[in-house]
Amino acid sequence: MNAIAIDGPAASGKSTVGFTVGQRLGFVFFDTGVMYRAVAWAVLEHGIDRADGEAVGQLAEQLRIEVDAPASDLSDGRQATILVGHVDVTWAIRSPRVDSIVSVVAANARVRRELTRKQRGIGLAYGSGAAGKAGIVMVGRDVGTVLLPEAPLKIYLQAPLEERARRRFRELVERGREADYDRVLEDMRLRDRTDSHRALAPLRPAEDARQIQTYGVTVEEVVEQILALAAALLGVTPTSPEE
Ligand code: CDP
């Protein structure tokens, strides 16, 4: 199967690195976090108490979440277009409010069951060449451990908390959002803790994952490391960066 699993904590570089690796290999790129974010967005939208496991679970089972390739005339930097029903939530799911509740929502057993089923289906389909795709790069928290444990290449990205908070703060400022660095840092610390300590599919490297530090190295260097591993383990050849 042509699948690359990339896991790691918040802002460790998963989407930037994963997206580029996908482009260079002609693989589909799929960010599993957007689906948890979409459920969290809907929880806020419906005024549901995030601690009400029953209501949150039911909502997740009813929600229609769509992840599409962006329309070719869109140039706002999105990697995918995320729809909940007919609403484009691509940027709304990146708000600090969603950040602050998403990991509680993602610890809900029914939410996980629902999204795990869908995501594993997506991974298996593209990993085995569905729709003429060469493979899939899937990024998240439990791709190597739960979603696609059979992926021949598993990566776990790491970076110090303060560095990751700086990255997230910069992203928010660049998008013209009001952001407070200390708040971003504290939210991220809490989210890391919830993600790593939950009972179901906690964030941790798969036993056979290659751990890569993304602090102090360029995105290109990390991408090249992963491409070299992909060539060795999957036998796939990347296009050159400018193609
Ligand atoms: O971009 P960032 O790393 O900040 O977060 P994300 O990848 O969009 O994921 C948001 C949240 O969704 C995480 O903090 C997890 O609580 C949850 N998540 C998960 O539980 N399992 C996944 N496979 C992906 C995300």
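The values are calculated or read from the model by the stated rules, or taken from the named source; none is laboratory data. Small disclaimer: the values here were computed from a predicted structure and weren't measured. Neighbour counts run over all protein chains shown; Cβ positions are idealised from the backbone, glycine included. In case anyone asks, the SASA skips ligands and DNA or RNA and just uses the protein heavy atoms, side chains included. Shrake-Rupley method; radii C 1.70, N 1.55, O 1.52, S 1.80 Å.
Can you confirm whether the range 120-142 contains a residue that is surrounded by fewer than 19 Cβ atoms within 10 Å (Cβ to Cβ), within 13 Å of E61 (Cβ to Cβ) and within 11 Å of the ligand (Cβ to nearest atom)?
No, the range 120-142 contains no residue that is surrounded by fewer than 19 Cβ atoms within 10 Å (Cβ to Cβ), within 13 Å of E61 (Cβ to Cβ) and within 11 Å of the ligand (Cβ to nearest atom).
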Task: Members of the range 143-166 that are farther than 30 Å from A109 by Cβ and open to solvent by 40 Å² or more (accessible area, probe 1.4 Å) - done: P160, E162, R166
Task: Qualifying residue in the range 213-230 (condition: crowded, with 18+ Cβ neighbours inside 10 Å and within 13 Å of the ligand (Cβ to nearest atom)) - done: yes
TODO: All but one of (1) surrounded by fewer than 21 Cβ atoms within 10 Å (Cβ to Cβ); (2) among the hydrophobic types (A, V, I, L, M, F, W, C); (3) under 23 Å from R117 (Cα atoms); (4) within 16 Å of the ligand (Cβ to nearest atom) hold for A69, so report the exception by its number.
DONE: (4)
Open item on the list: Against the conditions (1) touching an Asp or Glu at 6+ places or on another chain (Cβ under 6 Å); (2) touching a residue at least 60 places away in the same chain (Cβ under 8 Å); (3) among the polar types (S, T, N, Q), where does S95 fall short? Just the number, please.
Closed with: (1)
- [ ] All but one of (1) of a type in the set (D, E); (2) within 23 Å of D192 (Cβ to Cβ); (3) surrounded by fewer than 21 Cβ atoms within 10 Å (Cβ to Cβ) hold for D88, so report the exception by its number.
- [x] (2)
Task: In the range 53-66, the residues that are within 14 Å of the ligand (Cβ to nearest atom) and either in a helix (DSSP H, G or I) or not aliphatic (A, V, I, L, M) (or both) - done: V56, A60
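Listed here are the residues, each with its yes/no results for (1) under 16 Å from F27 (Cβ atoms); (2) assigned to a strand (DSSP E or B); (3) touching a residue at least 60 places away in the same chain (Cβ under 8 Å); (4) among the small types (G, A, S).
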| position | (1), (2), (3), (4) |
| --- | --- |
| M138 | yes, yes, yes, no |
| V146 | no, no, no, no |
| A151 | yes, no, yes, yes |
| I155 | yes, yes, yes, no |
| E162 | no, no, no, no |
| A165 | no, no, yes, yes |
| R168 | no, no, yes, no |
| V173 | no, no, no, no |
| R177 | no, no, yes, no |
- [ ] Give the residues of the range 15-27 that are open to solvent by 20 Å² or more (accessible area, probe 1.4 Å) and either assigned to a loop (DSSP other than H, G, I, E, B) or within 16 Å of the ligand (Cβ to nearest atom) (or both), sorted by residue number.
- [x] S15, T16, F19, T20, G26
- [ ] Please verify whether the range 44-52 includes one or more residues that are open to solvent by 50 Å² or more (accessible area, probe 1.4 Å), assigned to a loop (DSSP other than H, G, I, E, B) and at positive phi.
- [x] yes
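I'd like to check something: does the range 185-202 contain any residue that is assigned to a strand (DSSP E or B) and surrounded by 15 or more Cβ atoms within 10 Å (Cβ to Cβ)?
As a first pass, look at the range 185-202 and keep what is assigned to a strand (DSSP E or B): none.
Within the range 185-202, none of the residues are assigned to a strand (DSSP E or B) and surrounded by 15 or more Cβ atoms within 10 Å (Cβ to Cβ).
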